[in-house]
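What follows draws every value from the coordinates through simple rules; no lab data is involved. For clarity, every value in this text was computed on a predicted model and none was experimentally measured. Glycine gets a Cβ as well: all are built from the backbone with ideal geometry, and neighbour counts include every protein chain shown.
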Number of protein chains: 2
Amino acid sequence: MANYQKINASGNERVELHDRIGLTGAEISVNFMPAGGCVPFVHAHKQNEEIYIILEGRGSMILDGETVPLEKNDFLRVSPAARRQIFAAADSDLRYVCIQVKENSLEGYTAADGIM
Amino acid sequence: MANYQKINASGNERVELHDRIGLTGAEISVNFMPAGGCVPFVHAHKQNEEIYIILEGRGSMILDGETVPLEKNDFLRVSPAARRQIFAAADSDLRYVCIQVKENSLEGYTAADGIM
């Protein structure tokens, strides 16, 4: 496999990156939701921790029945079993990244994994 | 552990999220680099795939000697062994996220890992 792969995901179409840039340790999607929109179902995961990054706009997530507000530059970790549903605000589009990684899969990182 | 944790990382200080939001499958850092700046060393990794997300601005990465331009909304996967160094453009600040995940750690994802 190439030592790197790159894509630009600036449009409003959902883009799933796993196969597009050859990811092996994560799936990453880039998502746009118009004001008032939502993912039309509640879901959880078997193995995967999710991390949401809010790129633009405002919205909220209902997480096991609790409403968590979301705004630009928020980084949100969600445990696999949590039941979740994401919403754009009534008056704001929402652009976000969703990262799936296998829970407890990371071993060393940064200085412990780096080679200078 | 709580079923979720959230942080807002909108400033120009580097923020490492692993311990801040209880990540177990990734380390994620949020980084700001002023125009003309760079990470002052070349590095590679033992086990970890990295994914860079460009949030704002322009820059470049030298990857095994090849210069790869970077701009807002770019998503770049870098293999563990690749020798890398990131730079802000001379005339543009660079704001980016760096995600470390263990190469080949992801098993099922999206429909294969989701529970409705």
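Placing unit charges on the Cβ atoms only, positive for Lys and Arg and negative for Asp and Glu, gives chain A a dipole magnitude near 140 debye about its Cα centre. Using a 7 Å projection from Cα along Cα-to-Cβ, the label point at B:A2 is separated from the same position in the remaining copies by 4.0 nm, smallest value first. The mean sequence separation of alpha-carbon pairs under 8 Å and at least six residues apart, normalised by the residue count of segment A:29-85, gives a relative contact order of 43 percent.
Distances between every pair of Cα atoms in chain A, grouped in 10 Å steps from 0 to the bin holding the largest one, split as 13, 40, 34, 12, 2 percent.
Label-point spacing for A:G37 across the identical copies (point 7 Å from Cα in the Cβ direction), in nm and ascending order: 3.4. Relative contact order for chain B: 31 percent, from Cα pairs under 8 Å spaced at least 6 residues apart, divided by residue count. In terms of other Cβ atoms within 10 Å, A:I62, A:I99 run from fewest to most in the order A:I62, A:I99. The amide H of B:T24, built 1.01 Å from its N in the peptide plane, has A:N104 as neighbours under 5 Å, considering only residues 5 or more places off or on other chains.
Which of the listed residues, B:A89, B:P34, B:T24, is farthest toward the dipole's positive end in segment B:23-103, when Lys, Arg count +1 and Asp, Glu count -1 at the beta-carbon? Going by the charge dipole, the pick is B:T24. Calculated on C-alpha atoms, the gyration radius of the protein assembly as shown divided by its Kirkwood radius gives an Rg/Rh of 0.95.
For the protein assembly as shown, the number of Lys pairs separated by eight or more positions or lying on different chains, with C-alpha atoms closer than 27 Å, is 18.
Taking a Cβ cut-off of under 9 Å around A:S29, the surrounding Lys, Arg, Asp and Glu residues balance to a net charge of -1, with basic ones at +1 and acidic ones at -1.
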